[in-house]
Amino acid sequence: MMTRRGVQWLSAAADDPGACHAAWLDDPRRPYALPAGRLFDVVVLDQRIGLETFDQLDRRGMPLGPVSADWAAKRVGFFLPPNSRSRFTRMVTGESPSPPDYRYLDDGSVIVVPGPMPLSGDRYTWLRAPMRPPGISPARLAALAAMFIAASELLARADRYGEEHTHADGAGQETARAR
């Protein structure tokens with residue numbers, strides 16, 4: 001659940017902050033479309049990589065700002081300070097010369113954010129709701145870039161392992177049946 005300071009910060013990003021705040025007073029579960037680039041940028045990852053990245057950052061106590069999930073689109077959004085695109089891109093390419101796909105939302109982009117009090121079955125939810133205006137932290141950018149690449153590599157390796165052992169088990173069963 002979002003704090004009052006979190007609601008104030010997030011609604012301030014709206015084209016009409018008063019209308020956003022009023023919508024959330026009327027229905028705190030209501031998602032709201034906000035422009036990126038003013039008070040925040042958002043890195044959007046595929047759900048599987050995004051959840052692993054979030055879990056690793058959270059379990060290790062690494063710097064982490066607000067994080068939202070769109071369960072229907074299977075996407076996870078990590079909120080960063082505005083104007084962070086070039087630094088984040090440098091950090092990601094420093095971790096991997098060929099990083100996995102991600103979307104970077106900044107000026108000219110819009111993101112649908114969960115309301116302050118979504119329920120667990122809602123399409124849009126917070127994995128980590130904004131509690132206050134997040135500070136500008138280069139460590140947060142670096143942690144997200146590093147963990148995004150690490151989580152991607154971990155999941156790719158797990159997929160390869162699963163495929164190798166599925167094929168090996170299948171071949172072994174066929175050989176045993178042929179005898």
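Are any residues in the stretch 1-47 closer than 28 Å to Ala145 by Cβ and assigned to a helix (DSSP H, G or I), and if so, which ones?
Arg5, Gly6, Trp9, Leu10, Gln47
Only one of Arg103, Arg128, Arg123 is farther than 23 Å from Gln56 by Cβ, touching a residue at least 40 places away in the same chain (Cβ under 8 Å) and among the basic types (Lys, Arg); which? Write out each step before concluding.
On the way: Arg103 fails: farther than 23 Å from Gln56 by Cβ; Arg128 fails: farther than 23 Å from Gln56 by Cβ.
Among Arg103, Arg128, Arg123, only Arg123 is farther than 23 Å from Gln56 by Cβ, touching a residue at least 40 places away in the same chain (Cβ under 8 Å) and among the basic types (Lys, Arg).
Taking the options Pro99, Pro114, Pro133, name whichever one is surrounded by 12 or more Cβ atoms within 10 Å (Cβ to Cβ) and either closer than 15 Å to Gly77 by Cβ or touching a Pro at 6+ places or on another chain (Cβ under 9 Å) (or both). Before the answer, list the steps.
Numbers: Pro99 fails: either closer than 15 Å to Gly77 by Cβ or touching a Pro at 6+ places or on another chain (Cβ under 9 Å) (or both); Pro133 fails: either closer than 15 Å to Gly77 by Cβ or touching a Pro at 6+ places or on another chain (Cβ under 9 Å) (or both).
None of the others qualify; the one that does is Pro114.
Readers should treat all values here as calculations from the given coordinates under stated rules, not as data from a laboratory. Just so you know, these numbers come straight off a predicted model, no measurement behind them. Virtual Cβ from ideal backbone geometry, glycine too; neighbours counted across all protein chains shown.
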